[in-house]
Every structure is written in structure tokens, then in C-alpha cells.
1. Could you sort the peptides B:368-377, B:194-203, A:329-338 by per-residue average Cβ neighbour count (10 Å cutoff), highest mean leading?
2. How would B:LYS29, A:LYS316 line up by accessible area, probe 1.4 Å, largest first?
3. Give me the number: length gained by fully extending A:ASP350 to A:ASP159, i.e. 0.36 nm times residue separation minus the C-alpha to C-alpha distance, one decimal in nm.
4. Ordering A:HIS306, B:HIS580 from largest to smallest accessible area (1.4 angstrom probe), what's the sequence?
5. Determine how many Å³ per residue the convex hull of the Cα atoms of segment B:44-145 encloses.
6. If you roll a 1.4 angstrom probe over the protein chains with everything in place, what fraction of the accessible area of the protein assembly as shown belongs to carbon and sulfur, to the nearest %?
7. Given chain B, report the % of alpha carbon pairs whose separation exceeds 40 Å.
8. Could you tell me the extents of the protein assembly as shown's C-alpha atoms along the three principal axes, largest first, rounded to whole Å?
Amino acid sequence: MGGGQWAMGGWRRAVLVVGWLVGARASGQLPAPPRPTRDYSVIVASEGVDRVAVVRFGPGGITVDRERYVGWAPTELAGPHGVAVSPDKKHYFVSLAHGTPYGRLQKYNTQTNALEGSAMLGSFPATAQVSPDGYYVYVVNFNLHGDMVASSVSVVAADAMVEVARIPTCTMPHGSRFSADGTHHYSACMMDDMLVEIDTRKLAVSRYFVLTAGKEMAMTGTPPRRTLDGATQTGGSHDMGGHGMEPPKPGDVSCSPTWAQPSPDGSRVWVACNKSSEIAEIDARDWKMLRRIAAGPGVYNLGVTHDGKKLLGTNKRDQSVSVIDVASGKELARIQTTRKVVHGVAVTDDDRYAFITVEGTGSQPGTVDVIDLIALKKVATIDVGSQSGGIDFWK
Amino acid sequence: MPPGTRRTSLAFCALVALSAVANAQSVAKISITPAAPRMVAGQSLQLRAQAVDAAGRPVSNAVIKFQQGGGQFEAVVSDSGLVAAGAVSTIPVTVSAIVPGEKPVITTVNVVVIPGPASTVSIEPRTVKLIAGQSLALRTKVLSAAGDARNDVVAWSTSASAVASVAEGVVTATKAGTATITGVAGSAKGTVTVEVVPADIASISITPGTPHARTGDVLRFNLTVKNSAGKTITGLTPTWLFSPGHGEIDNEGAFVGYDPGTYTVSANLGQRSAQTTVTLAARDVRRAATVVGSIVRTTFPTSEVWVHPNGKVAYLGTHLGGDRVYTIDINDPAKPTIVDSVIVNARVINDVMTSEDGKIMVITREGADDRKNGLVVATLDDPLHPKVVGAFTDGVTAGVHSAFIYTQPKFGRHVYLTNDGTGALHIIDINDPAHPKQVALWKTPRSDAGRMLHDIDVRDGMLYGSWWNDGLVILDIGSGIKGGSPSNPQFVSQYKYDLDALYKDVGAIDGPGFIRGTHTAWRHKNYVFISDEVFSKNDAEKLFAKEPSRAWGRLQVLDVSDIFHPKSIAHYEPEFGGVHNVWVAGDTLYMGAYNAGFRAFDISGELRGDLRAQGREIAQFSPADAKGFIPNSTMTWGVVVKNGLAFVNDFNTGLYIVRIEPKAAVVP
């Protein structure tokens, strides 16, 4: 079985090593952020070109260590979307969104890059995460382009790479995150304006929360299933124009959630409301809305530092990343990204940096930007394959 | 505390602790009932499972989950283990016992889905006329009510054993008369009437006698039998045979030979037989292919090529990150020159096509940066500089993989699109190219999940859809054969075949789950050429890693003389590659054969059997260039033929303009 490092040649070669970016303020006002003292590596999926790259940032700058083709036929687009690294760092998993017609979850060895397993899932599998015990990978079947009916979360046994369960949730689930203790899994349904909680001990939905402004509702059990000719029971948005790129129409009060991020202490779940450009904060125990935090335009994916103090949101309609103080809910910084269509975020294990993926437009390459979370500045950037989105921290 | 209380308390705590340890069971295995499940297609079966520990005791806190592990198009399995099977197949079901905090215990049970009881027994040939003393093997097909083939051992009987006996499907004629032969399977039966004539044969001969032909030519032999009165006995059913060498002969005496040489063809009537010889020369169609001109592409892989009807402009798409179609001046095919490009919101442009009059062009979009894919419409007032005037995205934002423009005087101009998200066919009116509007949507009758439409061909008011797992589907979109129109497409027929069985060798290489499906169709005369896209699980990865790899896939020739009952009568497979896109011009079929490069072969005359073995290949060329997107590696996508030149697009390399040279004259 193939694996290991290899180079593509051809269209993308140049490694852009950008040193340290100095802010627009006059020199001498603030010292430049200190250089990293160690290497950090992330794994990034480029959906437009069927590639996965290992990007490393460290004292020597930023570089693409290696790339790997992950498609299933050279003349068809497999569309790698989500990336998830196992807790033991030995494997990474990539969801392939496009199939014939179903997508897949692929398992690769982080050292050798060898493909070690594959499981067929549902329609447009997207965000993925490995459970804290390493036993399972939960992948949302986003079903971005199919009929707007209820979809599911696939549960894959990580060792054997077989799907062991497919849990019905609601329409267009996106985001896939476990609570720190692994007992619950969270995702958000874009079309039904819901946050969904799965009890991983029972492999069933335990609660859901309707996020539409003015119609907030905490419920137990599985949400009612949307059918093709039935209306939803919430104010969920029916307009999927541009998948988070188009602003809401006048009068649209829907959230259109695109991410669910539990806090490290398990007390809260934050939900990115892409349409209303805010972050809903839900009390994980009492299952009630605590507050709505103003976010950047089209907030899309979320990340949180391990100390629970800073929340990051990628602003898909704005070409920026917001860093928010959790305690006050105030935006500490809004940092411009290199290109447009901001997608994913991964925070380093020491909370020092955040890696941001940017899809780019047209034939532009994708980009990985590095944010210094102390200086709150972009400190490095590098091009990768176009439409880079899924990202996870490796080491 | 009273005496002994402390000891009691401690003992009690110890008991509780021991109890807790004893209750912390681990799942050792899963027992499934039934252990070897079998069920009939069309019915349901409930599987049950229990997780037990090493001592065989049930693990009470284990959650049991059933999950379908394959056969998504043949059955549905609920998470509680209810299997509803729609077709004959083997359905792997994953059964998991999940205990929080422990690794799951997983096992798989294969549910074998068998055909329903025998419903029909069909016997071939349908009319049998033998001479006394002749034997003939009958062919039978036993089907269930759902049309699934069964493997019953048929019980045979005859109504008149003195006239004709039957054993194990072989009829032996004894004396003149009529007998009804009956084949029974379960409660189903089929019959054939056998007429036996006296063995009064004065002469028996085969025509044409000692013909000369070429390999691949189909020769239809007829048997002429006369009795002692000089009267011709008509309608006899001989057994046709040939030897030596390779080829095939059917029950009606149609013969095709693969190797040059002399064959003996026999018609057997029991103790009497006739023979003739047929001498085949090599088909001798081989010619040289010369590259007239080329454009090597390095920035993106190359996708579709199309040539404007004026023959002076070619259009070349891009893939894997590519967002543009190049317009190429091919006035001098030796010096093709990129003149302009059309940039669209896409990262894959799979298809480009112009209208028959060259005024309109359509471009498909996938991988849009806003994930809102669809179709672009451009006008070609100046074919070298297309002007985008319209777009269509309604309901096709998942992506449009293929598009076909077709104009009918009665209905005007329409584009027929594939929908990546639902596998549906969308029919779009583009009589006003700036305002395309959908007039119809058609889907194969299955669940939305599981449907994939890959490509479309339209000829003479009939649409030929390559519907991946569902094979070829033929629709009337204006021919009138079923009253169809662009706004009211009507189903005509379907040719579906077992892709897993056809490519079982591919599955044996890297395991099940390999890529395979009906990919392309092209209607030519009374044939439809269909080809499959097939990759083993690791082939594509090896290609990009520049390790030895290959595509697979067969081109089948379907006889659609009876359009309602297409049947496969010939095939072609390159020796090391597959078949991606095809083009027919005159009596030549051109193809892009992936790593097998560009191929052209002769499709003149009637087609039967293995077309490659017959020596029908005319030319072959492997595009590759050190500067290509993937250097020195062939991956040929397709070809368009215009003005005697083949415009060959190679995914790895770019565009090649190839001329197939005339046959070299023999110099005495």
C-alpha cells in the first residue's frame, strides 16, 4: 500500500515563508511577537484538489512538510472536507464528501501516510472528530446538496474502520465535537436551526435546542424529522444560498448554525450562528440559552483555547478571524486573513497559536494563516491546495 | 459502636466492592440469531443479537447496534436489525456491542438474499424441429416473480416419449410426430413444442459455402436440407459448432472468428451433419498515428475537449482546482494556440459543449467557492472569444458533472444536465440563453440516496443516460416512440448488469468497495456503446504517487434493434487500462482509455464478441510529456474528431491533435 512523502510537481510549488508580520502601527510602539520555540504541525484538507497537507510552523518558519492525494478516481472529485487526528496522534481521519453517491471516511497513519482503512458513510460526510478514548470517529452526514430531509451522524469504530451506528439527527448537520469527558457529542443542524446533543453511551440523541431568535426552545429526545413536503417546526432558514456566504435577507431571524463547540470544562456549548453572525451560548447542564455573543460576519467554525478563556470564530463573509474573551463576551481582536472564504480553526496544545484555513476563490490556492494568541496577530501564512477547509492539530 | 459492628461494616463494604468488580463485565462475543441468515428478496428478516462475557453471561449494559455494511442499493437494515431486502445479494451487517469506556466489540454477519420461488421457466429455442435421431440441448432460465434468476434443477418430461424423450434438458428425437417438452421448477413450468420429422435426408449443405472473410466479420450460415423427394425441409434446429481457434457461433448460425486461418463450421442433426470451411484473413486495419500538434498544460489537469462546428476552434477544460476553459485556435493544427479563456466559479470543469450550430456553449461547474455550482451559458458570436450570458443553478448547486445541448425543430434547444447531489436528470430550456429555465426533472425510480447520473448522450430524440449503479437508461425526449418530449421525458428501457460480478477480479486486488459504474454512452446505428469507470481502491492514489497503476473498465456494445430490450452482443477492453469517453465518426470508434492512452478501432459491419481479439484496433497513442501536469504519465480522458483529426485530451498532459495515417501502400 502506498504512502510516505511524495511531491506533486506542477501547479503548486512555491513555499511562501512569511517571517514575522509587523502591525500597521508605527514601529517601536510594540515589540514583534516572539518566535515560536518549538514546532507545531497541523493537518489540512484541500477539498478542491483532493489533497491533504501537513503544515509545520516553528522557529524555522512555516512550511508544507508533505502532501498526499486522497481521491478515489483521478477524473472525479472526492472532496476531502473534514480532518480529525486521533488522541494518540498515530492516525488521522479524512472525510471524503463526494462519492458515487455516498462519501467515505479514510484512515491514514500519521507517520507513514499509509491508508489503513476506509468506511462508506452517508451523503456529504463533513466534520469529524475522534472520541477522547480513541475508540470512535463521529462524522456528520451533511447532505449539503441532497433533498432537505433529516440526516444523521455516523459512528465509526476507529480501529476496525466500520460504521457501527448512524444516528438520525436533523437537516444538514455540521460541526462535530465531543465533550471533554466523551459522554456527549454536539453538532448543529443548519436547516433546522438546532443544536443537537448525542448521548454517546446510548448512541442516541438526548436533547436538542432550537436557536431561532424569539423561538428558543430546549427539548429532550430526537428532533421531529423534516420531510420533503413538510414544514419545519422552527424558524429555520430555507435559503442555503452560498453555504454561509450570503447575508441573511431582511426579516430573517434564523441562526443557521454551522458549528457546535463545547467548553473544555463541559459547562457550556457555543454555537456559531452563521446567518445572524453571533455565537449562542447554551448551558450544557440546564440546557438553556445563557447569552448571544456578537461575532464577525458569517461566523462559521469555532475553536476554543484549552484554558477555556478565548473563543475563536472564523468569519466566512468577512475575511477575518475573531478572538473573543469568553468571560466578557467581548471581541479582543478581529484579525484579517490572507484571502477570502475563511473556514476552519485549530488551536495548538499549549494555546499559543491558532491555525486558520482559508479556502480562497476561483483557482486561488487555499491558505493556512497562523495567529499568535498572545499578540493577537497573524504571524505566518502559507499556500496549500485550493479550498482548504478541514484542519486539526497534530503535534 | 456495638462490638462486631465495625467488622460487619467492613465486611459489607468488601462485599459491595466485590459485587462491583463482578458486575464490571466485558463483552467477549456477540451471539447473533439466526447465525447464518437467509431470506427471500422482497421480504423482511429480524436479526437479534446478544452480547455475552467470557463466561457466556449476558452483558446487560451493552448497547447493541446493527449497521448496514454494504449492499446499499439492494437492501435496508435498521439499527435494530430489521433487514428489508429488495434484490438478490449478500448484505454484510455490522453488529456492535458498545459499552461506555470500552472498545466496541464488532462482528459481521452476512445476510444472504435469495430469489423468491420460481415463477417462470423460459425455454430456448422457442420452436424446435428435429429429425429423428437428433439430440438438442435446451437452454432454460428460471426466474422468480421479481425477475431474479434462480439455480433450480429443472425436472423434465415429455408428452410423447415415443416421439421425443428428454433427460437433463437434452431432447432426443425418436420418430416423426409432435411432443410437448415440459420443464418444471417448483410450481412454475415452461413448455416447448418439438416437431420431429423423419430422418429422410438426401442432402445437407451449409451456405455460404467456403466463404472468405476477415477476422471480426459476422457470417450468418444457413442450413439447407432436402429429403429423398428433393423437397427442402425447412425450420430445422441444428447444433452449430466450429473449430479450431477462437471465436463464437450462436444458435442461429452467426459466426465470428478472432484469428486468421481456416475454421470448420458444422451444423449437426444427429447422425447427419454438414460442414463447411471459412477462411479468415487478418482484419488488417492497423495504421500509424501521428501527432500533428499539441499543447502541454502544466497549471491544472486537463478535462474535457470540444471542437467548434467550424473546425477552427477547440475548447479545453480544467480540473482539480481549475476554473477555466481555454479557447484554442486550431486553424493550423500543427500550431494550436491558446487565444482566450473563460473563467467561472469552479474548481472542476468536467464538460464543455457547443450547440449544433456553434452559437451557444455550455460549461459545467463543480467545486465552486460558494458551493453553489451549476451551469454557465455563453454565446459564440466570435467562437474564439465566448461571452458568458447566463447561468443556471436552481436545484443543481451540488454540481453539474455533464451536460448535453440538443436542438429539436419541434421543441427548440435544451440542455440535459446531471445533478451531483440527487442523481437526477434536469432538462433546461435555453432558447433564451440569457434566461435558462428548467422544464423537466427525471429520476430513476429508486430512493434518492443511491442514485448517480454520470453522463448523457442524446440522438434522434432519445436520451441515453449513464446511471452508474443503475446501468443505461433510455428515455424518449422527443422521438415520439413513447410520446416523450423535453418537458415530459418518458422511460423507454433500461440495461442493468451486475457490475460487481463483471469486475470481481478488481475487487480481488484491493478488496470490496472499489469504484465502478456505468460512465458513458454513445448511440451509433443500432448499437449503443456503454463504458464503465472502474478503479481498484488504491489505483487512483498510486497514479498520483507515480507508482504503477491502472484503470479498468469494459466497453459493451448493446444491440438496440429492439430498443425496448437492449442486449449485450460485443465488448472491448484495452489490455491495460479502461474506457473513459468515446467518440464515433464514420465506422471508427475513438476513445480515451486512461493509462492505455488514445485508441481507435474499426466498428464497420456487424459487431459480435471480443472486438480486441478480432484485431479491430486501428491505432494507439500514449500522450505524455516531461512538462505535463503529471510528467511522463498517460491518463487519456477522451477525444473529439473533426476534419479527419482526433483531438485527444489527456488529464495529465494536455491536448494532442492526432492524425491516423492512411494505410501504407505496398511497394512491390
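1. Numbers: B:368-377: 23.5, B:194-203: 18.0, A:329-338: 16.5.
The densest-packed peptide leads the list: B:368-377, B:194-203, A:329-338.
2. Values: B:LYS29 115, A:LYS316 5 Å².
Heavy-atom accessible area, descending, gives B:LYS29, A:LYS316.
3. Working: separation 191, 0.36 × 191 = 68.76 nm, distance 2.79 nm.
Result for the pair: 66.0 nm of gain on full extension.
4. Values: A:HIS306 110, B:HIS580 5 Å².
Per-residue accessible area, sorted high to low, gives A:HIS306, B:HIS580.
5. Working: hull volume 15.6 nm³, N = 102.
Residue-normalised Cα hull volume stands at 153 Å³.
6. On the way: 20690 of 40030 Å².
Heavy-atom surface of the protein assembly as shown belonging to carbon and sulfur, 1.4 Å probe: 52 percent.
7. Details: 102994 of 222778 pairs.
Above the 40 Å cut-off, chain B has 46 percent of its Cα pairs.
8. Rounded to whole Å, the extents work out to 121, 92, 50 Å.
The values are calculated or read from the model by the stated rules, or taken from the named source; none is laboratory data. This is a predicted model, so every value here is computed, not measured. Neighbour counts are summed over all protein chains in view; Cβ atoms, including those assigned to glycine, are modelled from backbone coordinates with ideal geometry. Calculation scope for accessible area: heavy atoms of the full protein, side chains included, ligands and nucleic acids excluded. Shrake-Rupley method; radii C 1.70, N 1.55, O 1.52, S 1.80 Å.
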